[in-house]
Amino acid sequence: MSALLKLFRLSGTHLLSATNMKHSLFLRQNSTMSVPKTDLERAAAARDLLKSTFGQRVTTFDDAASGPYVALTAPWSTTCHTRSAAYFQPVSPTEVSTALSIITKTQSKFAVRATGHNPNPGFSSTYEDGVIIDLHRLDTKSFDEETGIASVGAGNTWGEVYTWLEGKGRSVMGGRYEEIGVAGFCLGGGMPGFVNLRGMGCDQVRGFEVVLGDGNTVYCSAHVRPDLYRALKGGGSNFGVVTRFDLQTYPLLKTQYTVSLYKPDDYGNIVKASVDAHKEMEHDPKAAYFTNVHRDFVAIGQLYADTPEEEPKVFEPFKKLESMMMAPVVPKTDGTLSTLAQAIGHRPPKGKRVIFTISTQVDQDLYLAIHNIWQDVTATLPSSADGTDLHYTIQPVTASAARAGRDNGTGGNALGLKEVSQNWYVFTLEYPKNGDDSVHRTAMDSLYEQVKKTAEERGLLLDFICPTFADKRQDVLRGFGEENVGMIKEVAAKYDGDGVFQKLQYGGFLVRDL
């Protein structure tokens, strides 16, 4: 047994015997603990202490059980299926605090994972020189009938939350897919299916429970620690580990939706219809759509936050298209947010994924130019039959989405959205686990540079970069604007004075990278 482990066993029992024991006391008790020299040794020390303290809820690749394999393959993208030194599954904020005390004292690198839906390596994954705090057991849910606030643990997915709330006749504006986690979605801003109706996902949060780097668990809202509250709404993992989200709910939202496939060679008319529908959406915040372009088809989803008998006017441009390939793959359906998430969820086979996003103003000629660039880059990649799919999505956002976050009485968010009609492009490259990373990465780099340059030269590029759709190399925080960047820096320094989440956290859109 290492000297480090022996020392922790002597003093760590005091930490665990009182749930509200301060992390600073633990540090004083262990002030003589030596820190291992290399990242691998530090991660191994953290692993040993975690296993000694929490037993079977810490899994490693030395274990005979299947736990390590499940932990390894939990992330949505196999790009993040990296072997970590250990995976710890806390069941309370107190246990998160204890884990952070171990991490800070050993100076081990770490990552926090809720559901692992972000495909960027290092955001919710590490290699063997780091450990993972896996929050999926923090799955509690409670509802306050008087306030309409739903309190949900960080380990919940939107599918779970939607189903639970609908049983109570309530809805919340969350992720568009069932498997998306509440935590990453809200901390990264989060684009709901009906973003133009009530704003971003982070705008639905009325309070956060956060474990700070010093081990203290605090609460923040528009009235308590409002600076931390605002920074967390889009500012990501720069401040602490959020263990609970208090979400504003609304009376059960009825939805109407359909998804149809169109011939890709009709892209000129499809782009025009997408632009025309976007302009109509400025007058109807209940409307939403997506245009998802692949080599072999174009999928258009028409979504409406109501169940009208007549076709909403906003979708008339799509009715004029004559290139539909077959009957709708999702027939016109009256449902809820839960059934919508089930219907439109993107569930390709397990494989590697690379993404990036840009935000632009709405312009038909720009869309056509970007489509042509995409076609040229796609031609350099292996065929669809080989399992390679480079596709992009047009995601319309109206000026009302920015206003909704500003005017809901909670002090705004950290995103710095401009009140203009805009499109959040998402480009996604999916390819097999054994695919050539250099070929695929080169293609995405080329696509990104060309698309960005084209939008910039036309004066149509916007600064905002949606965190949940961004590649790890994109300068997300600067896209929030100078004022918000300054605010995020100040809040990070105030609530993480020792820089735990800047110095030890494996990755993310962090202040340290500014």
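How many residues, within segment 156-172, are in a loop (DSSP other than H, G, I, E, B), open to solvent by 10 Å² or more (accessible area, probe 1.4 Å) and touching a strand residue (DSSP E or B) at 6+ places or on another chain (Cβ under 9 Å)?
The total comes to 2.
Go through the residues of segment 406-417 one by one and say whether even a single one is open to solvent by 10 Å² or more (accessible area, probe 1.4 Å) and touching a His at 6+ places or on another chain (Cβ under 7 Å).
No - not one qualifying residue is present in segment 406-417.
Take the conditions on the phi < 0 side of the Ramachandran plot, in a loop (DSSP other than H, G, I, E, B) and at pLDDT below 95 and apply them to PRO119. Does it pass?
yes
In the list ALA341, ALA305, ALA369, which residue meets the criterion of being over 17 Å from PRO396 (Cα atoms), open to solvent by less than 50 Å² (accessible area, probe 1.4 Å) and touching a Lys or Arg at 6+ places or on another chain (Cβ under 7 Å)?
Working: ALA305 fails: over 17 Å from PRO396 (Cα atoms); ALA369 fails: touching a Lys or Arg at 6+ places or on another chain (Cβ under 7 Å).
Just one listed residue meets the conditions, ALA341.
Okay, residues lined up against (1) part of a strand (DSSP E or B); (2) under 26 Å from ILE465 (Cα atoms); (3) acidic (Asp, Glu):
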| residue | (1), (2), (3) |
| --- | --- |
| ASP296 | no, no, yes |
| ALA299 | yes, yes, no |
| GLU322 | no, no, yes |
| ASP334 | yes, no, yes |
| ARG347 | no, yes, no |
| ILE370 | no, yes, no |
| HIS391 | yes, yes, no |
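If a residue must be of a type in the set (S, T, N, Q) and surrounded by fewer than 18 Cβ atoms within 10 Å (Cβ to Cβ), how many such residues does segment 265-289 contain?
1
Given (1) more than 24 Å from VAL476 (Cα to Cα); (2) among the hydrophobic types (A, V, I, L, M, F, W, C); (3) open to solvent by 10 Å² or more (accessible area, probe 1.4 Å), identify the lone condition not met by PHE185.
So the condition that PHE185 fails would be (1).
Would you confirm whether any residue within segment 146-154 is touching a Phe, Trp or Tyr at 6+ places or on another chain (Cβ under 6 Å) and open to solvent by 20 Å² or more (accessible area, probe 1.4 Å)?
no
Considering only residues that are more than 30 Å from GLY213 (Cβ to Cβ) and of a type in the set (Asp, Glu), which ones fall in segment 235-291?
To start, the set of residues in segment 235-291 that are more than 30 Å from GLY213 (Cβ to Cβ) comprises 249-291.
Selection gives ASP265, ASP266, ASP276, GLU280, GLU282, ASP284.
Just one of the numbered conditions (1) in a strand (DSSP E or B); (2) more than 30 Å from HIS81 (Cα to Cα) is not true of ALA414; which one?
Condition not satisfied by ALA414: (1).
Please work out which one of (1) of a type outside the set (D, E, K, R); (2) touching a Cys at 6+ places or on another chain (Cβ under 7 Å); (3) surrounded by fewer than 14 Cβ atoms within 10 Å (Cβ to Cβ) is the condition THR357 fails and give its number.
(3)
Please go through segment 312-338 and give me each residue that is open to solvent by less than 70 Å² (accessible area, probe 1.4 Å) and under 15 Å from TYR267 (Cα atoms), ordered by number. Give the derivation first.
Residues of segment 312-338 open to solvent by less than 70 Å² (accessible area, probe 1.4 Å): 312, 314-315, 317-318, 321, 323, 328, 330, 333, 335-338.
Within segment 312-338, PRO317, PHE318, LEU321, SER323 qualify.
Restricting attention to segment 84-113, and to residues there that are part of a helix (DSSP H, G or I) and open to solvent by 10 Å² or more (accessible area, probe 1.4 Å), which single residue is farthest from LEU187 (Cα to Cα)?
That would be LYS105.
Identify, please: which residue in segment 54-83 is hydrophobic (A, V, I, L, M, F, W, C) and not in a loop (DSSP other than H, G, I, E, B) and is, among those, modelled with the lowest pLDDT? Let's see the steps before the verdict.
Filtering segment 54-83 down to residues hydrophobic (A, V, I, L, M, F, W, C) leaves 54, 58, 61, 64-65, 70-72, 74, 76, 80.
Remaining after also requiring not in a loop (DSSP other than H, G, I, E, B): 54, 58, 70-72, 80.
Details: PHE54: 95, VAL58: 93, VAL70: 67, ALA71: 71, LEU72: 72, CYS80: 78.
The extreme case among them is VAL70.
The values are calculated or read from the model by the stated rules, or taken from the named source; none is laboratory data. Since the model is a prediction, treat every value here as computed from it, not as a measurement. Cβ atoms come from the backbone with ideal geometry, glycine included; neighbour counts cover every protein chain shown. The area values use the complete protein model at the heavy-atom level, side chains included, leaving out ligands, DNA and RNA. Shrake-Rupley method; radii C 1.70, N 1.55, O 1.52, S 1.80 Å.
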